[in-house]
Amino acid sequence: MTPLLLATMTIAITKLAGGVAPVTGIRGCFGFQEDYCTAQTAQTMAILLTIALPVVFGAFVGVTVFSRDLERRSHVLGLTQSVSRRRWYGVRVLVVFVPTVLAMAILGCALYWAKYRTSPGSFTFMSTGESRLDFPTFGATGFVAGGYTAVGLMLGAACALAMRNTIAAMVTTVVVSTAFLALLPTQIREHYATPMVETQTLEQKMNDMYGGTPDYYRPLDSISIYPRWNVSADYVDRNGDAVEIDLQQCAWRAWPDDYRDMSEFETVAEYEEYSDRRMADNARIEIDCIRGQGAEAFETKYHEDRLFWRFQAIETALTLVIAALLGGLSLLLVRRLRP
């Protein structure tokens with residue numbers, strides 16, 4: 001009931017506010033009206049709760065469905081009846097776990113719709129620099145939330161059957177499931193597809209750092225509402241291997257303390273000419289410093305945001321396979337239970 005109630009409340013608040021702009025980030029409020037801010041705050045809270053619920057359900061549902069009977073030894077009655085051990089286990093999974101997993105999948109899809117499909121039609125573009133593929137948005141807006149919940153519930157059940165102690169099983173479930181959910185966006189998700197590579201010369205990278213064109217100066221049709229997901233960004237040598245660069249050392253060389261103040265010039269034009277020349281000289285010094293440490297280019301590996309649903313499907317399949325393996329482990333533990 002909790003996931004469905006949360007989904008209903010979030011959709012209701014969003015619709016009453018007239019919808020929200022499809023901004024990927026969850027930080028702060030991107031509107032000026034009170035109702036708009038209320039809707040975005042509700043969505044932020046719902047996303048954070050959706051990420052936490054698989055862990056909570058694993059500890060308080062997955063564990064307790066079995067641990068209470070085991071600690072009270074009421075499972076003896078069930079195992080000595082004509083009901084098979086597999087059915088004794090399967091009924092709990094079917095009646096408790098499956099509806100919970102489906103409810104979480106519905107919650108994730110509802111949050112996706114509320115966040116990205118309720119735009120009022122006109123809004124000021126504001127980019128947070130975050131992608132829909134990044135944490136926590138990816139795990140809370142889509143059907144993958146159901147997969148996370150399946151892993152949490154099956155892990156809780158396995159811990160309960162193995163430890164036969166509610167507190168120990170709960171603690172283990174919380175620690176392991178939290179570590180697993182942290183591992184997905186940091187170590188695993190980037191390998192679902194071969195990342196695209198953008199290579200910049202050192203001159204181009206320096207221009208991006210100290211110049212370039214901000215988003216609000218670019219034509220609207222060239223701005224992506226959903227930014228790409230950067231997996232890594234490194235200076236590389238001529239062989240493409242990452243190189244550690246001491247940028248602070250280069251900055252000290254390029255920006256000494258003898259920079260002249262505007263008051264030392266008779267006209268603004270003279271100061272601007274000096275400033276442009278000095279900026280060009282400093283950039284050259286910094287580039288030479290970076291190149292002197294072995295770097296030849298700057299390489300960024302990334303995934304495009306259009307892979308969102310593909311990654312959702314892959315990660316959901318992965319979590320369901322892991323949940324099935326944990327279910328198999330639980331069946332083995334059930335077979336070893338002594339009446």
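Here SER232 does not qualify as modelled with pLDDT under 90, outside any helix (DSSP H, G or I) and under 30 Å from LEU181 (Cα atoms). Given the criteria open to solvent by less than 50 Å² (accessible area, probe 1.4 Å), within 20 Å of ILE188 (Cβ to Cβ) and touching a residue at least 60 places away in the same chain (Cβ under 8 Å), does LEU307 qualify? Yes; evaluated as a whole, the condition is true for this residue. Of the set (1) farther than 21 Å from ARG306 by Cα; (2) outside any helix (DSSP H, G or I); (3) modelled with pLDDT of 90 or more, all apply to PHE123 but (3).
Evaluate segment 171-181: report whether one residue or more is closer than 25 Å to GLN40 by Cβ and open to solvent by less than 40 Å² (accessible area, probe 1.4 Å). Yes, segment 171-181 contains a residue that is closer than 25 Å to GLN40 by Cβ and open to solvent by less than 40 Å² (accessible area, probe 1.4 Å). For segment 284-300, the count of residues that are within 30 Å of PHE143 (Cβ to Cβ), modelled with pLDDT of 90 or more and aliphatic (A, V, I, L, M) is zero.
Condition (residue is of a type in the set (D, E, K, R) and either at pLDDT below 80 or in contact with a strand residue (DSSP E or B) (Cβ under 7 Å, 6 or more places away or on another chain) (or both)) applied to segment 4-23: is it met by at least one residue? For segment 4-23, residues of a type in the set (D, E, K, R) and either at pLDDT below 80 or in contact with a strand residue (DSSP E or B) (Cβ under 7 Å, 6 or more places away or on another chain) (or both): absent.
Can ILE285 be described as among the β-branched types (Val, Ile, Thr) and open to solvent by 30 Å² or more (accessible area, probe 1.4 Å)? It is true that ILE285 is among the β-branched types (Val, Ile, Thr) and open to solvent by 30 Å² or more (accessible area, probe 1.4 Å).
Answer with yes or no whether VAL197 is part of a strand (DSSP E or B), touching a residue at least 60 places away in the same chain (Cβ under 8 Å) and of a type in the set (Val, Ile, Thr). Here the answer is yes, as VAL197 does meet what is asked.
A residue that is touching a Leu at 6+ places or on another chain (Cβ under 6 Å) and either over 21 Å from ASP208 (Cα atoms) or among the hydrophobic types (A, V, I, L, M, F, W, C) (or both) occurs somewhere in segment 268-289. Looking only at residues in segment 187-229 that are closer than 25 Å to LEU247 by Cα and of a type in the set (Ser, Thr, Tyr), the one that is modelled with the lowest pLDDT is THR213. Residues in segment 50-77 that are surrounded by fewer than 17 Cβ atoms within 10 Å (Cβ to Cβ), of a type outside the set (Ser, Thr, Tyr) and modelled with pLDDT under 95: 6 in all. Cβ-Cβ distances below 8 Å connect the following pairs, each with a first residue in segment 319-339 that is open to solvent by 10 Å² or more (accessible area, probe 1.4 Å), a second residue that is of a type in the set (Ser, Thr, Tyr), and a separation of six or more residues or different chains: LEU331/TYR89; PRO339/THR80. The residue that is farthest from VAL65 (Cα to Cα), among those in segment 182-193 that are part of a helix (DSSP H, G or I) and open to solvent by less than 40 Å² (accessible area, probe 1.4 Å), is TYR192.
The values are calculated or read from the model by the stated rules, or taken from the named source; none is laboratory data. Because the structure is predicted, anything quoted here is derived from the model rather than measured. Heads up, the Cβs are rebuilt from the backbone with ideal geometry, glycines too, and the neighbour counts pull from every protein chain shown. These accessible areas exclude ligands, DNA and RNA; they are computed on the full protein's heavy atoms, side chains included. Shrake-Rupley method; radii C 1.70, N 1.55, O 1.52, S 1.80 Å.
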